[in-house]
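Structure first, then comments.
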Amino acid sequence: MVFPGRKNLLETNAPRWIVFLLDVFISVFAIVFAYLLRFNFQIPDEHDSTMFVGVLGVITVRCISFIVTKLYAGIIRYATFRDTERIFMVLLIGSLVIFLANLFSTGIGNGNYLIPFSVIVIDFILVTLMMIATRILAKGLYWKLIATEEGHQQVLIFGAGDNGIVVKQTLERELSGSSNIIGFLSANKKRIGNKIDGVGVYHYDEFESLAKENEISTLLFAEENMEMELKRAIVEKALALDIKTLTIPKASDWINGELSYRQLRKVRIEDLLERDAIHLDEKNIKNQVAGKRVMVTGAAGSIGSEIVRQLTRFLPAQIILVDQAETPLYDIQLELEEEFEFSCFKVIICDVSREDRMRLVFEKYHPELVYHAAAYKHVPMMEYHPMEAVHNNVNGTRVVADLSNEFKVTNFVMVSTDKAVNPTNVMGASKRIAEIYIQSLNRHSKTKFITTRFGNVLGSNGSVIPRFRKQIEQGGPVTVTHPEITRYFMTIPEACQLVLEAGAMGTGGEIFIFDMGESVKIAELAKKMIKLSGLKLGKDIKIEYTGLRPGEKLYEELLNAKENTLPTHHSRIMIAKVREYDFNLVRDEMESLLQVGANGDTIKLVKKMKEIVPEFISQNSVFQALDT
């Protein structure tokens, strides 16, 4: 037989029936004790005969109220002030019901009321105090045991505002005796040197000295909107000192409006790669989207699904979600219905490269805006399957673009990639050919064809961060292709916000590139993730270098060497000035490429791609032979 560990036992929720029986027991005790107090522990003979009926009536009312309101269903260790309010209101209403019932009981028992009104008042006070007290006691005992299990910690809190005070009070309430708040760190000079809730406030420059002097074990970030550069710098220092870093969730995610210790989480690498919030021209985006029928291809993917989420707040008449991935498409459907409570959408399972099927979709729904995010994106996979890259990325884009032109779509926005710049792999070259096609088509169409180009997004399907996290959870090793490889990163919401902004500002034919910030060395990224997980590099887990994969290059670029950029009204969006192509020539080349692909000769197909995109020079690939 396997016995649960102490920690697992503590994590187990008390069965609801036990909580219910405890509440009933308290109610019985309270009403009996109320009678005894009222009559100085000597029940008069005239009340002796009615007391049993009165007690039974009170318990019946209490049981019914507990069942109707499910007062027993809450998790006691997460009980908050709102739960206390709820207990008070349920018991008060129950006592009022007993009070009213008592009014109609006159004449029972020699013309007296069934229950003395003083007994009802005493019962209400007793049962309320006892039910609240038992929950506070159980909660305090639980967190005391958890605190003992997790050990003593010396804590610094970054943020001396309201959230910082809430964090301090939460730690003291739930980890009393096992956490010692040394002080608050702040960038607000007006607060430095003062004391808040009995604890000193220090400038963040004093972090290292405070940490060493007080043997700080935990740094807790309590500010939701602090400058990212400052946060990165503080976390770097904490990691160097082997200090655990935690952060709070958004206030809107707190349980019943109150913060719980269990909601604190470790700082993640995504938190350090984020940048300051984007300010969008929401009025312009809303003018474009509101009341319109919008199609999103690749709607089940990382980018496509986030574009759908972003679109919902601009009140489109309808969103048409197109994807061939059944389960992820079903997931985003449920998310729209249950989390967003958004119903103005249609889900279409379809391969964008099937012209006959896509034509039916356009004929039925007549989209006015199209966001084209459908694409194969994994570099090594497409290096092994160039025909699929051309079929989906090139032909799929051609099909959706041609139908958008035919059905007079107002704006067509394509999601491209930095790998389309000086491509070294089949995937990047296929996206560059797709860019060329819609740019050249723009000059012969009333539809505005717009391209957006950016680098890697944090947490996207198959990206490096989820892969590293999984490897760390499994005990390693963490595999990096090359010690010098770097990549640009952007969060999924940030990228999709910029896609909407670029789509709204575009006049047609532009390639918008996004400010991706500084490139990140992947090996350093892996090291930070290991440290943030509380593990020691080389001791608990190691990094292995596996060599560059087919088609992979060390450094990504956002602009071709022959390209220049123009600024826009948005500081993070620029326009790439690129070579323009004759549409008739491009169309002929496209037909030729698709015919070669249909013949199944991979070498001839990639050779044709290199003719269309002369800057396509393969790296770490069998197709390097074609470049000589």
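The values are calculated or read from the model by the stated rules, or taken from the named source; none is laboratory data. Given the structure is predicted, the values throughout are model-derived calculations rather than measurements. Cβ placement follows ideal geometry from the backbone for every residue including glycine, while neighbour counts extend to all protein chains displayed. Accessible surface areas use protein heavy atoms only, side chains included; no ligands, DNA or RNA. Shrake-Rupley method; radii C 1.70, N 1.55, O 1.52, S 1.80 Å.
Between 0 and 90 degrees, the angle of helix 45-69 with respect to the longest Cα principal axis of the chain falls at about 0 degrees. With the simple model of a label 7 Å out from the Cα in the direction of the Cβ, Glu213 to Arg265 spans 3.4 nm. Which whole-angstrom value gives the distance between the alpha carbon centres of the stretch 444-489 and the stretch 387-430? Here the answer is 19 Å between Cα centres.
Phi angles of the stretch 568-575 translate, via the Karplus equation with coefficients 6.51, -1.76, 1.60 and θ = phi - 60°, into HN-Hα couplings of 10, 5, 9, 5, 9, 10, 10, 9 Hz per residue; Gly and Pro are given as x. Converting phi to 3J(HN,Hα) with the Karplus coefficients 6.51, -1.76 and 1.60 and the offset θ = phi - 60°, the stretch 214-231 yields 10, 6, 4, 10, 9, 10, 10, 7, 10, 9, 7, 10, 7, 4, 5, 4, 5, 4 Hz in sequence order, with x at every glycine or proline. For Val457, the amide hydrogen comes within under 5 Å of the amide hydrogens of Met490, counting only partners 5 or more places away or on other chains and with H modelled in the peptide plane. Approximating the spin labels as points 7 Å out from Cα along Cα→Cβ, the Lys536-to-Phe104 distance works out to 7.4 nm.
Ordered by 1.4 Å accessible area with all protein chains kept, Glu335, Glu383 run largest first as Glu335, Glu383. Close amide H contacts of Gln153 (hydrogens built in the peptide plane, cut-off under 5 Å, sequence separation of 5 or more or a different chain): Ser179, Asn180.
Backbone geometry of the stretch 428-444 corresponds, through the Karplus equation with coefficients 6.51, -1.76 and 1.60 at θ = phi - 60°, to 3J(HN,Hα) couplings of x, 5, 5, 6, 5, 5, 4, 4, 4, 5, 6, 5, 6, 5, 4, 6, 10 Hz, x marking Gly and Pro.
Helix 464-473 and the longest principal axis of the C-alpha atoms of the chain enclose an angle of approximately 50°. Sorting Ser618, Ser445 by solvent-accessible area of protein heavy atoms yields Ser445, Ser618, largest first, with a 1.4 Å probe. Normalised per residue, the accessible area of the stretch 262-363 is 48 Å², obtained with a 1.4 Å probe and no contribution from ligands, DNA or RNA. Legend: calculated FRET efficiency, Ala290 to Glu339, from the Cβ-Cβ distance at R0 = 22 Å, rounded to 0.05, equals 0.55. Gain on full extension, evaluated as 0.36 nm per residue between Ser571 and Leu56 minus their Cα-Cα distance, stands at 178.1 nm. Distance between the 7 Å Cα→Cβ label points at Asp356 and Asn599: 2.6 nm. Surface analysis of the stretch 399-511 yields an accessible area of 28 Å² per residue, using protein heavy atoms and a 1.4 Å probe. In terms of distances greater than 23 angstrom between alpha carbons, the cross-link table entries Lys212/Lys542; Lys346/Lys470; Lys377/Lys608 yield Lys212/Lys542; Lys346/Lys470.
When the trypsin sites (Lys or Arg not before Pro) in the stretch 326-393 are filtered for DSSP coil states and for at most 13 other beta-carbon atoms within 10 Å of their beta-carbon, no site remains. Could you state the angle between the C-alpha long axis of helix 583-599 and the longest principal axis of the C-alpha atoms of the chain, as a value from 0 to 90 degrees rounded to the nearest 10? Rounded to the nearest ten degrees, it is 80.
Straight-line reach from Lys283: taking Cα to Cα under 18 Å and skipping same-chain neighbours fewer than 8 places apart, the aspartates and glutamates in range are Glu494, Glu501.
Only DSSP H runs of four or more residues enter the estimate; each adds -39500 (n - 2.57), and after division by the residues of the chain the mean residue ellipticity at 222 nm equals -15000 deg cm²/dmol. Accessible surface of the chain, 1.4 Å probe: 54 percent of it comes from carbon and sulfur atoms. Placing +1 on the Cβ of every Lys and Arg and -1 on the Cβ of every Asp and Glu, with nothing else charged, gives the stretch 235-391 a dipole about its Cα centre of roughly 300 debye. In this structure, the amide hydrogen of Phe158, modeled 1.01 Å from its nitrogen in the peptide plane, lies closer than 5 angstrom to those of Leu185, Leu220, Phe221, Ala222, counting only residues at least 5 positions away or on a different chain. Ranked from largest to smallest solvent-accessible area, with a 1.4 Å probe on the protein heavy atoms, Thr247, Thr628, Thr568 come out as Thr628, Thr568, Thr247. Taking every C-alpha pair closer than 8 Å and separated by at least 6 residues, the mean separation divided by the residue count of the stretch 501-610 gives a relative contact order of 27 percent. Counting only lysines at least 8 places from Lys408 when in the same chain, those with an alpha carbon closer than 19 Å to its own are Lys292, Lys364, Lys446, Lys448.
Accessible area per residue for the stretch 520-628 is 58 Å², calculated with a 1.4 Å probe on protein heavy atoms, without ligands, DNA or RNA.
Relative contact order of the chain: 10 percent, from C-alpha pairs under 8 Å at least 6 residues apart in sequence. Taking the alpha-carbon centroid of each part, what is the distance from the stretch 507-553 to the stretch 281-356 in angstrom? If we compute the Cα centre of each part, the gap is 30 Å.
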